[in-house]
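Here's the structure, in structure tokens; my notes come after.
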Amino acid sequence: MKTRITFVISLVICLTVVPSAFSQSNVADEVLITIPTSDCVEALRIAPNPIRFYQRLVESYVAGTTRESFAYLKKKGMDVVILDNLPWTESYAIASYPHAFAKHLRIDEAGARVLFSGSDFFIVEGSAVAIDELRKRGFVCVEIERVEIPVDASTTRLPRGIGQLKWKRDHGVVDSLISLISDT
């Protein structure tokens with residue numbers, strides 16, 4: 001009886017401690033990257049380790065993955081860029097100027113660090129106080145949360161030449177339907 005209890009306790013400890021150790025090793029190896037929307041589906045398919053998408057940008061996503069996956073995607077010719085080698089040690093936000101005449105405002109004066117500069121926005125890293133300071137200085141800030149989001153199905157890359165195909169359509173059917181619906 002004593003051996004069974006010892007076995008059960010050992011099993012419970014292994015089942016609770018060992019999986020968390022594995023998940024921590026993946027988190028410790030994570031890098032924060034940007035990946036073009038056109039490459040997301042392919043990256044998910046070929047990456048040796050999971051990719052977690054956190055924020056959709058105009059033409060890319062902010063995502064987390066392992067250094068191994070980053071190197072592999074880079075080797076495959078994808079335009080992936082590391083934003084942060086030690087992610088989630090501070091808060092992240094997308095910051096933009098409140099209007100075009102506010103370009104004189106400086107992000108670094110608020111204590112935040114610019115990780116990425118887009119055409120009309122920045123990805124910044126800083127403490128919650130630094131991000132609040134950016135807001136006080138007039139920047140529009142949207143925090144990036146460590147919550148996975150789905151990748152849009154519209155990000156799939158179309159095969160080459162698909163835009164050059166000429167689609168044939170029977171205008172007779174369409175015209176007859178239109179005549180039934182409209183008065184003219």
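The values are calculated or read from the model by the stated rules, or taken from the named source; none is laboratory data. Because the structure is predicted, anything quoted here is derived from the model rather than measured. A quick note on method: Cβ atoms are made from the backbone with ideal geometry, for glycine too, and the neighbour counts reach across all protein chains shown.
Quick notes on this one:
- Just so you know, in the stretch 119-153 the residues that are at pLDDT below 90 and under 15 Å from the mean Cα position of the chain (by Cα) include one that is surrounded by the most Cβ atoms within 10 Å (Cβ to Cβ), and it is VAL151.
- In the stretch 122-130 there is at least one residue matching the filter, namely being touching a residue at least 60 places away in the same chain (Cβ under 8 Å) and either within 15 Å of GLU145 (Cβ to Cβ) or of a type outside the set (A, V, I, L, M) (or both).
- Matching entry among ILE107, ILE94, ILE51 (being closer than 23 Å to PHE139 by Cα, free of Cβ contacts under 8 Å to residues at least 40 places away in the same chain and surrounded by 18 or more Cβ atoms within 10 Å (Cβ to Cβ)): ILE107
- Any hit, the stretch 91-108, residues being modelled with pLDDT of 95 or more, within 16 Å of ILE51 (Cβ to Cβ) and aromatic (Phe, Trp, Tyr): no
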